[in-house]
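Just below is one structure, and these are the notes that go with it.
Every read-out reported here was derived from the displayed coordinates using simple, explicitly stated rules and does not represent laboratory data. Note that the coordinates shown come from a computational prediction; the quantities given were computed from them, not determined experimentally. So basically every Cβ, Gly included, is an ideal-geometry build from the backbone, and we count neighbours across all protein chains shown.
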Amino acid sequence: MADSRKRYREDFEFRTVLGEGSFGQVYEAEEKANGRRCAIKVLSKDHIMREDKIRYVTTERDLLDLCKHPLVVRLYYTFSDPSSLYFVMEIAENGELLTWLRTLGRFDVPTSQFHMAELVSALEFLHSKNVVHRDLKPENVLITADWHLKITDFGTAKLLEPADGGEGEGEGDGGAGDGTASETTMARSNSFLGTAEYVSPELLTDKYTCKASDLWGLGCILYQLLTGAMPFHAATDYLIFQRIQKRDLKFPDDFPSDEARGLVDELLELDPVERIGAGPGGYDMLRDHFFFEGVNWERLWEQPAPDLSVLSPEMAAGTDACGGDDSRSRGEKLALQRQSQWADFVGDDELIVKNGLVFKKKGLSTKKRMLFLTDKPRLFYVDPKKNVVKGEIPWSGDLSPELVSAKKFRIHVPDRSYNLSDPDATASEWVEAIGDLLASS
């Protein structure tokens, strides 16, 4: 029997900030009555009203309630008070897929295969419910304590109406829709939805999204899992959109799998009708692709998942492995770094010593940033969503790092202190690395 008891903020012990979004923040919390750990999204009513975003909030609530599946984050209940709305959801203890990509740089093929299979299964379920996610990306994929994936963030998702009251095209065979202009497969949009690097070409050219648009996002994620880079990366959103519309898709020489390359090619088709998983073959064709050979598709969420914590970051370029304490020369590390997604942010002879996701607090605002320390020396931070530099911490002999706790640290400079929180609880490593550079510079 469902627990319909009304909740209040006082029923929960709020702990650390897990993330932040357009309308508010997500906290780790514990329900006092039963000790259950959860994630609580706190949304500002004033902001929602001011930005006219009521529809997005109600959409997320309704679709999370509709889409109950082991590979979709679960909404336990919602409540409100005069200032805020609260979404109480299951917690994914290992955070965002994006965080692990930033840490490791890229995944090996077996790990990528398993997690892609879980995403395929989750999308097949969503599409069977006529739900299009419309913002599929690593930041919206969470990782549980036992390393399985869960799709989250349904604020921009769309529930498609079946044509003429029917069951919807493409549903008989589990397909992602035929990409044609039916109410079942299309959702008109007069404004930009999603994230530039993952946006589908049909949204750019014809201002619509369909179930196959999620398959485009799937192709972008597979490319990123195996390379650590985005398939259509460019300096500005405009240039990204130009590359997407021209399908300016390039694979690095060391792309690790011909089967994976073939799948990316078939998912990143300009014509949504031609994408694998869409059209008559549906998800059967996608599951039968050579890349998924050996996958047992029965109840993937109950099978052992790859433990990301034991993967070596040395498979990646552009992470701590580029500047870490290993046997490679500085020149070798720089060569690796030049192939990475971070190369545009540093000089040609500037080596990244350490980088990682942090929460930067200023006043009442908390922002997620990717923090970089280089051997120039230099400290700067990047918006991980937009891939743009947001600021630099001025380096001088007066700079001073301070360890506050396992997660929290401060960087003091004349006339200002930067309050930072490391979700991976490696604040001491930041303080040590900064201290070492101060001593040597």
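At-a-glance table
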| quantity | calculated |
| --- | --- |
| Candidate lysines for bridging to Lys129, where Cα separation is under 27 Å - those fewer than 8 sequence places away on the same chain excluded | Lys41, Lys53, Lys68, Lys137, Lys150, Lys158, Lys207, Lys211 |
| Cleavage-rule hits, trypsin sites (Lys or Arg not before Pro), segment 47-139, DSSP coil, Cβ neighbours within 10 Å at most 12 | Lys68 |
| For segment 9-89, alpha-carbon Rg over 2.2 N^0.38 Å | 1.08 |
| Helix runs (DSSP H) in the chain reaching 27 Å along axis by Cα, Kyte-Doolittle at least -0.5 | 109-128 |
| ³J(HN,Hα) computed for each position of segment 196-201 - Karplus, 6.51 cos²θ - 1.76 cosθ + 1.60, integer Hz, glycine/proline x | 3, 5, 10, 5, 7, x |
| Neighbourhood net charge (14 Å Cβ-Cβ; Lys/Arg +1, Asp/Glu -1) for His115 | -2 |
| Percent of beta bridges antiparallel (DSSP, the chain, rounded to nearest 5) | 95 percent |
| Protection proxy ranking of 280-288, 197-205 - average other beta-carbon atoms within 10 Å, highest first | 197-205, 280-288 |
| Estimated [θ] at 222 nm from DSSP helical runs (n ≥ 4, -39500 (n - 2.57)) normalised by residues in the chain, nearest 500 | -8000 deg cm²/dmol |
